[in-house]
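A short reminder: the numbers here are calculations on the coordinates, not readings from a lab. Since the model is a prediction, treat every value here as computed from it, not as a measurement.
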């Protein structure tokens, strides 16, 4: 497969690097970016061809990945439109709905919208994906192959669900880092050195996540197994419940979902 990228930032670099690791030939990858330094970095690190602007060369590719900031998507789509024939267009821009991209592409509808997250930078991401009806099974497979280069993909029949994906896994790494920060602060208050608190918190999250991933039991059961009646874990969880921690987390995710919907409305007005 021949894949072109418009935008050469961190997520594009992660996807390109993942594709190379999976066996994609450097000559089958192409990146367009207005920033000369970004082009030089990708060419140096991956050996791929780069360009400064969308042009007729894009017609020779199977898919074009739009990896640009949401605020410039309309102008990027406008510049891309003349060079589309049968390519699959994959957008990883937050908040931009596929129908709006189609409108900016003069009605072109072979479009997949995706919401990756930052663990993709180390090949451990998860990406929510939805496609317009014009994308066939082969197009969906191609999108899965491209996006799967940096982790898992989860497909949705309803694109509107990607707002929830944004709220849960797209923004989710920040929630995890927030909790890690809190654990490190607690460790500091308990007299542990910063490097000790960091080591404990990071190993805790990595190990607990793997335990949950490898278990058939729901998280609630795993939690109960760690919680002895009248013990230390029970004391901590009772404090969390008294202060409404779980409810606050749920409310925060719902707030992120509402903001994702608002962003889609705002950006779609362009």
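For the chain, the longest principal axis of the Cα atoms and the long axis of helix 245-267 meet at an angle of about 20 degrees.
Principal-axis analysis of the Cα atoms of the chain puts helix 194-214 at an angle of about 70° to the longest axis. In degrees, nearest 10, range 0 to 90: what is the angle between the Cα axis of helix 172-189 and the longest Cα principal axis of the chain? On a 0 to 90 degree scale, this one is about 30. Global dimensions of the range 172-263 from alpha-carbon coordinates: Rg and Dmax equal 15.3, 46 Å.
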